[in-house]
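Worksheet: the structure to be examined is printed underneath.
The values are calculated or read from the model by the stated rules, or taken from the named source; none is laboratory data. On a predicted model such as this, the values are computed, not experimentally measured, just so you know. Heads up, the Cβs are rebuilt from the backbone with ideal geometry, glycines too, and the neighbour counts pull from every protein chain shown. Surface areas here come from the heavy atoms of the whole protein model, side chains and all, with no ligands, DNA or RNA. Shrake-Rupley method; radii C 1.70, N 1.55, O 1.52, S 1.80 Å.
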Amino acid sequence: MTDFSKLHTDKLFINGEWREPLGTSSHPVINPATEEMICQVVEGSAEDVDIAVAAARSAFRKWRHTSADQRSALLNAIADGMEERKEDLIQAISQTLGCPAHITRWLHVDGPIYAMRYYAGRTSIMEETEKAAHSVLIREPIGVCGFITPWNYPLHQFVGKVAPALAAGCTMITKPSETTPLQDFVMAEIIEAAGVPAGVFNLIPGAGSVVGAELSSHPGIDMVSFTGSTRAGVEVAKAAAPTVKRVTQELGGKSPLIITPDADLKAAVRWGCEDVFINSGQTCTALTRMLVPAEHYEEAVEVAKQVAEEVAMGTDANAFMGPLSSARQLEIVRGYIKKGIEEGARLVTGGLDLPTELEKGFYVKPTVFADVHNDMAIAREEIFGPVTCLIPYKDIDEAVAIANDTEYGLSSGVWAKDAESAMPIVRRIEAGLCFVNGGEFNYDAPFGGYKRSGNGREFGEAGLGEFIELKSVQLPA
């Protein structure tokens, strides 16, 4: 098990140095499986952000002009460091989030390493030009960026922001969630060891109301990227508006999975349930509304019940689902389960009773609700726990209408006879991401939402584009 006492959790990383914060605040990091404190992590202040922004602005003047080859080499060196310290990254996430380590490896760490190397291979885009009649288009980095990352996929979102920003030639200040900050300290050490110049990357943990608010509003920051709740995203956008900085956001979701009448019902329901239960339901793209043909509804309910009751809980090598991330998150999820029962949904399995086999930890049983309709709170609001809702439909038109009857548009799914027959349905769903017949997340493709699920894209070349300013050079015709 990783010894996190060796991490610099009592310091900030600013301008290439581990330095004392100006304030004295800190907060505990809790292991949600044991309910015990792992360590204390320092909290930065608005004044610390000022210092980091000054360092990032100074570094940007030179960093923006580094060659694509230089930046590519540094990104690959960071990816090498991530490989070397993979176990530290796995334990940092597993012990603070609660996801079993054997799942954390492939769900939380392997993908971000791939994404870091992906962007190492895309730095040359910044040196390419395009012709547009008598004009030439050139690309330039947007500048100093502020990154606010979430607790549920902390390394995934860290890399989704930091890697393309480095590839483009931007400098940055990052703020991790107070719940899961440790992987950011590991990454700061990796970035430092890779030889990234001082001031290019800066780490300031702390409260969202302090550090996050300062990053969003600071006039020295040119772009802010936020991942979190829609409520908090609105506040970030408001804070950023007076300085007219670019804002990208990956926010909430209440995503549908449409299972067609000719689909393999058992395979579709099993995959849909496991999609919700993985990471203890704490996934923004989770397909928490399962839309099932009315004629197959009760069979689907039984399959969902079976899948939920098969789930092994805990953090050992046999576990599929760990605890929720915090006592607060447990209270929120239990509140929604109670609300679903009060609204008249049929509790098929799971519910409010805590798992008897686990003496400690913020656990909730995988929960399945049937007889749900789309105006219930459990069908409209993001629960962020292992709770799935089965909703019947009479035809595909109704299924699509139910799927789109939400303020969110982050993710979706269609399980049909085959991928070809799924595509006409995919085109009718209002969401930025769609999983067809169990398709997997792809780091080469853009990720982001419609409607109140945010704006902008992460990953793929579109993710790099968020950090680029296009300059149009008008030449003599």
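For this structure, a couple of remarks:
- Extreme residue, surrounded by the most Cβ atoms within 10 Å (Cβ to Cβ), among residues of region 1-43 that are small (Gly, Ala, Ser), closer than 28 Å to Ala56 by Cα and touching a residue at least 40 places away in the same chain (Cβ under 8 Å): Gly16
- Inter-residue pairs, beta-carbon under 7 Å, first within 15 Å of Gly438 (Cβ to Cβ) and in a loop (DSSP other than H, G, I, E, B) and in region 276-297, second at pLDDT 95 or above and not small (Gly, Ala, Ser), 6+ apart: Thr285/Leu410; Thr285/Leu433; Ala286/Asp275; Ala286/Val276; Leu287/Pro256; Leu287/Leu257; Leu287/Asp275; Leu287/Val276
- Residues that are within 16 Å of Thr227 (Cα to Cα), open to solvent by 30 Å² or more (accessible area, probe 1.4 Å) and in contact with a Lys or Arg (Cβ under 7 Å, 6 or more places away or on another chain), drawn from region 428-477: Pro446, Glu466
- Note on region 407-419: among residues that are open to solvent by 20 Å² or more (accessible area, probe 1.4 Å) and not small (Gly, Ala, Ser), the one that is farthest from Ala267 (Cα to Cα) is Glu407.
- Looking only at region 44-85, residues that are within 22 Å of the chain's Cα centre (by Cα) and either among the hydroxyl-bearing types (Ser, Thr, Tyr) or open to solvent by 40 Å² or more (accessible area, probe 1.4 Å) (or both) come to 2 in all.
- When region 343-401 is filtered for residues that are free of Cβ contacts under 8 Å to residues at least 12 places away in the same chain, more than 25 Å from Gly228 (Cα to Cα) and either part of a loop (DSSP other than H, G, I, E, B) or open to solvent by less than 40 Å² (accessible area, probe 1.4 Å) (or both), the ones remaining, listed by number, are Leu354, Thr356, Glu359, Asp395.
- First in region 59-85 and part of a helix (DSSP H, G or I), second anywhere and charged (D, E, K, R) and open to solvent by 40 Å² or more (accessible area, probe 1.4 Å), Cβ under 7 Å, 6 or more apart: Ala68/Glu127; Asn76/Arg117; Ala79/Arg117
- Selection status of Ala268, touching a strand residue (DSSP E or B) at 6+ places or on another chain (Cβ under 6 Å), within 18 Å of Ala379 (Cα to Cα) and either in contact (Cβ under 8 Å) with a residue 60 or more places away in the chain or acidic (Asp, Glu) (or both): no
- Unmet requirement for Ser421, which otherwise passes all of (1) without any contact (Cβ under 8 Å) to a residue 40 or more places away in the chain; (2) assigned to a helix (DSSP H, G or I): (1)
- For region 278-310, the set of residues classified as within 21 Å of Asn374 (Cα to Cα), touching a helix residue (DSSP H, G or I) at 6+ places or on another chain (Cβ under 7 Å) and open to solvent by less than 10 Å² (accessible area, probe 1.4 Å) consists of Ala286, Leu287, Arg289, Met290, Leu291, Val292, Ala300, Ala304, listed by residue number.
- Checked against the criterion of being under 16 Å from the mean Cα position of the chain (by Cα), of a type outside the set (Phe, Trp, Tyr), assigned to a helix (DSSP H, G or I) and surrounded by fewer than 22 Cβ atoms within 10 Å (Cβ to Cβ), the candidates Ala193, Ala232, Ala239 yield just one match: Ala232.
- Residues in region 196-215 that are in a loop (DSSP other than H, G, I, E, B), surrounded by 22 or more Cβ atoms within 10 Å (Cβ to Cβ) and within 20 Å of the chain's Cα centre (by Cα): Ile204, Pro205, Gly206.
- Within region 303-320, residues that are farther than 18 Å from Pro100 by Cα sit with their Cβ atoms under 9 Å from residues that are open to solvent by 40 Å² or more (accessible area, probe 1.4 Å) and part of a helix (DSSP H, G or I), at 6+ positions apart or across chains, in these pairs: Val303/Lys266; Val303/Arg270; Ala304/Arg270; Gln306/Arg270; Val307/Arg270; Val307/Glu274.
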